[in-house]
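J.: There's a structure below that I have some questions on.
Every read-out reported here was derived from the displayed coordinates using simple, explicitly stated rules and does not represent laboratory data. What you are looking at is a predicted structure, and each value in this text was computed from that prediction instead of being measured. A quick note on method: Cβ atoms are made from the backbone with ideal geometry, for glycine too, and the neighbour counts reach across all protein chains shown.
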Amino acid sequence: MDNGDFLQGGPMGDLVARRSGPFAGTHPAIAAMNALGCDAAALGNHDFNFGLPFLRRAVARARFPMLAANLTVRRGADFAATCVIERELTDPQGNRLPLRIGVIGFLPPQTEEWDQDLRAVMRSDDILDCARRLAPRLRAQGSIWSWRWPTAASAALSPCPGWSTPPMRWPPCPASTC
């Protein structure tokens with residue numbers, strides 16, 4: 001799931017983060033994602049806007065892994081890098097087929113630069129370097145793996161180190177092919 005920096009979430013994120021006293025209860029975005037039965041979510045840069053302690057308290061009640069493969073936390077446990085989701089499909093003949101889906105989540109490598117107070121507590125690595133390192137591990141676990149750059153980008157441009165998202169000049173994907 002592309003969460004779009006769900007914990008910050010504009011006014012809702014601001015309201016929850018500014019509550020006085022210790023964080024109590026489940027963050028509304030986490031509660032919604034739990035209710036929807038999310039399998040995994042990737043952290044984004046805005047999820048760190050209120051600091052690492054707030055983020056840890058908010059995601060503690062998630063019933064799914066919060067992924068940040070290219071993040072290293074300097075003190076304390078790292079967030080999960082990957083997960084494998086196991087499902088079962090039934091083919092037209094009624095045969096049950098196991099399916100293992102490897103999921104990896106990345107946050108923009110500039111995250112600790114954008115929030116200067118984060119440099120002391122975390123480091124974000126290049127997305128492509130991290131994907132190249134972790135993809136073979138997911139494949140070794142028997143999962144299906146897919147890495148896709150937008151079609152126009154893969155034909156015209158090669159990725160640059162540090163890119164977190166395709167440059168804005170890339171043409172959007174036509175709705176019929178997404």
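J.: If you plug each phi of the stretch 51-56 into the Karplus form 6.51 cos²θ - 1.76 cosθ + 1.60 with θ = phi - 60°, what whole-Hz ³J(HN,Hα) values come out, in order, with x for Gly and Pro?
T.: Here the 3J(HN,Hα) series is x, 5, x, 4, 4, 4 Hz.
J.: Moving to a separate point now. Stretched out fully, how many nm does the piece from Ala60 to Ala77 gain, at 0.36 nm a residue minus the Cα gap? Intermediate results must be reported in sequence, preceding the final value.
T.: Values: separation 17, 0.36 × 17 = 6.12 nm, distance 1.24 nm.
Length gained between Ala60 and Ala77: 4.9 nm.
J.: Report D for the stretch 51-123 in µm² per second (integer): Stokes-Einstein, Kirkwood Rh on Cα pairs, 4 °C, 1.567 mPa s.
T.: Values: Rh = 14.6 Å.
Result for D is 89 µm²/s.
J.: Related question: Ranked from highest to lowest mean number of other Cβ atoms within 10 Å per residue, what is the order of the peptides 90-103, 119-132? Don't jump to the answer; show the numbers that get you there.
T.: Numbers: 90-103: 10.9, 119-132: 16.2.
Highest mean packing first, the order is 119-132, 90-103.
J.: Can you tell me the FRET efficiency between Val121 and Gln93 if r is taken as the Cβ-Cβ distance and R0 is 45 Å, rounded to the nearest 0.05?
T.: Efficiency, from the Cβ-Cβ distance: 0.25.
J.: Trp114 versus Ala32, label points 7 Å from Cα toward the beta carbon: distance in nm?
T.: 1.9 nm
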